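Peer 1: Pasting a structure here, questions to come.
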Amino acid sequence: MRKITPDDAKNKTIADVFEECKENNWGDVSLWKDSWQGFRQAWNYLAMRMESQNDNFELRVECQPIILEKLSDDPSKVSLIFSLSTAENEGRMCEEVISYLVGSQNDFLKFLSQYTSKVEKPAEVEMKYGGEALNQREETTGLEVPLEVATRAHVIILERRELDELVFSQSHEISEYGKRQPVTYNNSTLERLILDRFLHGKATLLKSDHYFEFAGEVKMSTVVEALEREIRQEVLPGENFEDFDEEFDSHLERVKAFESLKECMLFFESCWWCT
């Protein structure tokens with residue numbers, strides 16, 4: 001897929017990609033279709049907000065607003081180019097949609113962390129909901145995950161139906177014949193249920209500025225070859241590599257380190273190219 005040109009991406013449809021997925025055994029095509037539907041729904045939701053007369057929502061690129069048109073639910077009518085994140089042209093809209101969604105989650109988690117730090121916490125809280133024990137959490141989040149390896153477990157997913165069920169479970173109305181009594185809610189319990197069920201363990205998503213590379217664009221193998229010509233090479237002893245590897249507590253930390261290394265290599269290669 002990385003060997004296509006921008007014109008190929010404009011002419012190829014999402015349905016074409018699904019067919020190639022099956023022909024080339026790229027994995028379960030239903031997972032590809034689910035991912036596409038999620039992306040399309042997010043895109044169309046933002047497009048709907050742009051069209052609304054009562055919403056001042058907009059996305060901007062270099063101070064200029066961009067217009068999102070709704071994507072068809074027929075994948076044979078949607079060009080692949082809109083799903084490829086690039087620094088300019090059609091792919092820039094995809095980049096801005098992703099950036100907005102990532103920023104929304106990160107901003108909300110930051111606000112939530114500040115809010116929960118101000119809430120007076122009891123020494124011990126234990127509640128029951130759905131047969132499972134719910135314990136007081138001291139921290140709502142703190143986890144950071146690169147967007148490339150994030151899963152559904154790291155993303156805030158809140159369905160209206162589930163939220164309604166929680167609200168109704170904590171509502172209370174006193175029945176008195178001939179009188180209409182107001183409904184009251186156990187707000188403190190409801191708050192903890194929402195935090196635990198929907199928000200606990202969600203991650204701050206780390207988005208890098210990596211764009212889709214079309215045919216003919218720079219590849220890391222070319223960058224490495226250029227650096228090898230400019231920098232004297234030495235063999236790294238095995239014990240040094242083991243010491244380096246032990247500096248990381250998790251796979252995610254290794255991913256972040258090598259992403260930073262890649263950015264440095266691209267920077268140095270561009271410096272030599274300019275000179």
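The values are calculated or read from the model by the stated rules, or taken from the named source; none is laboratory data. These numbers were taken from a predicted model, which means no experiment stands behind them. Don't worry about glycine lacking a Cβ; one is built from the backbone with ideal geometry, like all the others, and counts go over all protein chains shown. We work out accessible area using only protein heavy atoms, side chains counted, and drop any ligands, DNA or RNA first. Shrake-Rupley method; radii C 1.70, N 1.55, O 1.52, S 1.80 Å.
Peer 1: Which pairs have Cβ atoms under 7 Å, sit 6 or more apart or on different chains, and link a residue in the stretch 96-112 that is β-branched (V, I, T) to one that is open to solvent by less than 40 Å² (accessible area, probe 1.4 Å)?
Peer 2: Filtered contacts from the stretch 96-112: V97/A42; V97/W43; V97/L46; I98/S85; V102/L205.
Peer 1: Looking at S35, S52, S85, can you tell me which residue is small (G, A, S), at pLDDT below 95 and over 23 Å from the mean Cα position of the chain (by Cα)?
Peer 2: S52
Peer 1: A further question follows. Look through the stretch 38-85, keep the residues that are β-branched (V, I, T) and in a loop (DSSP other than H, G, I, E, B), and return whichever of them is surrounded by the most Cβ atoms within 10 Å (Cβ to Cβ).
Peer 2: V78
Peer 1: Only one of (1) more than 17 Å from the chain's Cα centre (by Cα); (2) closer than 26 Å to P146 by Cβ is not met by R40, so which one is it?
Peer 2: Checking R40 against (1) more than 17 Å from the chain's Cα centre (by Cα); (2) closer than 26 Å to P146 by Cβ, the one that fails is (1).
Peer 1: Could I ask something else about it? For residues in the stretch 208-229 being assigned to a loop (DSSP other than H, G, I, E, B), out of contact with any strand residue (DSSP E or B) (no Cβ under 8 Å at 6 or more places or on another chain) and at pLDDT 70 or above, which is surrounded by the fewest Cβ atoms within 10 Å (Cβ to Cβ)?
Peer 2: Here the answer is D209.
Peer 1: Same structure, new question: Within the stretch 86-112, track down each residue that is surrounded by fewer than 17 Cβ atoms within 10 Å (Cβ to Cβ) and not in a helix (DSSP H, G or I).
Peer 2: A87, E88, N89, E90
Peer 1: Related question: Limited to the stretch 144-196, what total is found for residues that are touching a Lys or Arg at 6+ places or on another chain (Cβ under 8 Å), open to solvent by 40 Å² or more (accessible area, probe 1.4 Å) and free of Cβ contacts under 8 Å to residues at least 40 places away in the same chain?
Peer 2: 1
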